[in-house]
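The values are calculated or read from the model by the stated rules, or taken from the named source; none is laboratory data. Being a predicted model, the structure only gives us computed values, none of them experimental. Glycine gets a Cβ as well: all are built from the backbone with ideal geometry, and neighbour counts include every protein chain shown.
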């Protein structure tokens, strides 16, 4: 268990064995033995690893409280296995923290996604999207924030802070077979993040057992387009049959619905609003303008996870977690405070409630030292 946790933490930190060895003053061979289970680190080494990997020491000693079964993986071919594992482990750590904090706040998970359905044609994918919109009372209006919607429905959304050139789009899975989790690449444009989230929602809702990977991706893309812009909304905005579409018209609709200009071209073709020849001309025009690589306008919507931040702020306000714990869970969430050290006389002059708050913060901060690690120390470690 320790061996696997060390490997997970290293990959989550995006470090090679050699880089980790340099940070803790060891050799790559020693780190390899730890990760292969051929050697077990003593407590002092665990402390060094924890510091180097930005983890609590107890992280390496605890069994994971949750397991994630990953499903769809939207990435380009040159995303390596280690990069994928790093994304997964960062997401799994986030899920552990999320669920642990929700339990401390006694927040019961009630909402759930609709039941999985078999999808074998693009028309069935279209109908599935329509049924989800109906179940969630979305009617045919634009969805302001898909991330917030999925979080409200009980899903956990993790924002992966990847580099702009990272070839990763999205990932989804089930936590202990019950609760959905979606990973998004926050370096993508907002409209791409919205489409990716809807695409991953499709993976969570479709029974994919009898379909090929190519078909699954095609059905998920059709679901995503139909979920963001319903068939009725598309017909209302574009009409039932068009010979020409103006790109400035699609730019307005991008702002209104949060679907890219390219996405609107696909949507219009999927619903047979435009012919294949018209779609081809539009693709050529987009290419000549350079809009296939980067569209000229960006959406202003946040489209990023906020649920954990909200829970951290609430838990800190209610004294459930200390400021130190809050900063570890959500860096930068709390406003900065002055590092003023109060004298005993100044503390005694504070109101009773404020003195109690300071005392609670001090106790919480002391607990953050993670005394669980002491159980792993031997006599030689204390002497050292």
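Evaluate the range 183-196: report whether one residue or more is at pLDDT below 95, under 24 Å from residue 117 (Cα atoms) and not in a helix (DSSP H, G or I).
yes
Being crowded, with 19+ Cβ neighbours inside 10 Å, free of Cβ contacts under 8 Å to residues at least 40 places away in the same chain and closer than 25 Å to residue 83 by Cα is the requirement here; does residue 182 meet it?
Answer is yes for this residue.
Please tell me if residue 215 is over 24 Å from residue 94 (Cα atoms) and part of a loop (DSSP other than H, G, I, E, B). Working first, answer last.
Numbers: over 24 Å from residue 94 (Cα atoms): yes; part of a loop (DSSP other than H, G, I, E, B): no.
Spelling it out, it is not the case that residue 215 is over 24 Å from residue 94 (Cα atoms) and part of a loop (DSSP other than H, G, I, E, B).
Please state which one of 301, 276 is modelled with pLDDT of 90 or more and not assigned by TED's automatic domain parsing to the domain that holds residue 354.
Working: 301 fails: modelled with pLDDT of 90 or more.
Of the residues listed, the single one that is modelled with pLDDT of 90 or more and not assigned by TED's automatic domain parsing to the domain that holds residue 354 is 276.
State which residue is surrounded by the most Cβ atoms within 10 Å (Cβ to Cβ) when the search covers only the range 31-47 and only residues that are in contact with a helix residue (DSSP H, G or I) (Cβ under 8 Å, 6 or more places away or on another chain) and closer than 16 Å to residue 16 by Cβ.
31
Taking the options 193, 222, name whichever one is crowded, with 22+ Cβ neighbours inside 10 Å, touching a helix residue (DSSP H, G or I) at 6+ places or on another chain (Cβ under 7 Å) and assigned by TED's automatic domain parsing to the domain that holds residue 273. Walk me through how you get there before you give the answer.
Values: 193 fails: touching a helix residue (DSSP H, G or I) at 6+ places or on another chain (Cβ under 7 Å).
Only one candidate passes the filter, namely 222.
Hey, can you tell me all the residues within the range 117-134 that are in contact (Cβ under 8 Å) with a residue 40 or more places away in the chain and either in contact with a helix residue (DSSP H, G or I) (Cβ under 6 Å, 6 or more places away or on another chain) or in a helix (DSSP H, G or I) (or both)?
Answer for the range 117-134, where residues must be in contact (Cβ under 8 Å) with a residue 40 or more places away in the chain and either in contact with a helix residue (DSSP H, G or I) (Cβ under 6 Å, 6 or more places away or on another chain) or in a helix (DSSP H, G or I) (or both): 117, 119, 122, 124, 125, 126, 128, 129, 130, 132, 133.
With the checklist (1) in contact with a strand residue (DSSP E or B) (Cβ under 6 Å, 6 or more places away or on another chain); (2) within 23 Å of residue 134 (Cβ to Cβ); (3) surrounded by 22 or more Cβ atoms within 10 Å (Cβ to Cβ) in hand, flag the one item residue 204 doesn't pass.
Every condition holds for residue 204 apart from (3).
Could you tell me whether the range 92-108 includes any residue that is in contact with a strand residue (DSSP E or B) (Cβ under 8 Å, 6 or more places away or on another chain), buried (at least 16 other Cβ atoms within 10 Å of the Cβ), in contact (Cβ under 8 Å) with a residue 60 or more places away in the chain and in a loop (DSSP other than H, G, I, E, B)?
Here is the first cut: in the range 92-108, the residues in contact with a strand residue (DSSP E or B) (Cβ under 8 Å, 6 or more places away or on another chain) are 92, 94-95, 98-99.
Next, only the ones that are buried (at least 16 other Cβ atoms within 10 Å of the Cβ) stay: 92, 94-95, 98-99.
With in contact (Cβ under 8 Å) with a residue 60 or more places away in the chain added as a condition, the list becomes 92, 94-95, 98-99.
Checking the rest, the ones that are also in a loop (DSSP other than H, G, I, E, B) come to none.
Within the range 92-108, not a single residue is in contact with a strand residue (DSSP E or B) (Cβ under 8 Å, 6 or more places away or on another chain), buried (at least 16 other Cβ atoms within 10 Å of the Cβ), in contact (Cβ under 8 Å) with a residue 60 or more places away in the chain and in a loop (DSSP other than H, G, I, E, B).
Table: residues versus (1) in contact (Cβ under 8 Å) with a residue 12 or more places away in the chain; (2) surrounded by fewer than 14 Cβ atoms within 10 Å (Cβ to Cβ); (3) under 18 Å from the mean Cα position of the chain (by Cα).
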residue: 316; (1), (2), (3): yes, no, no
residue: 321; (1), (2), (3): yes, no, no
residue: 330; (1), (2), (3): yes, no, yes
residue: 344; (1), (2), (3): no, yes, no
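Give the residue that is surrounded by the most Cβ atoms within 10 Å (Cβ to Cβ), with candidates limited to residues of the range 276-293 that are free of Cβ contacts under 8 Å to residues at least 12 places away in the same chain and in a loop (DSSP other than H, G, I, E, B).
Among them, the one singled out is 290.
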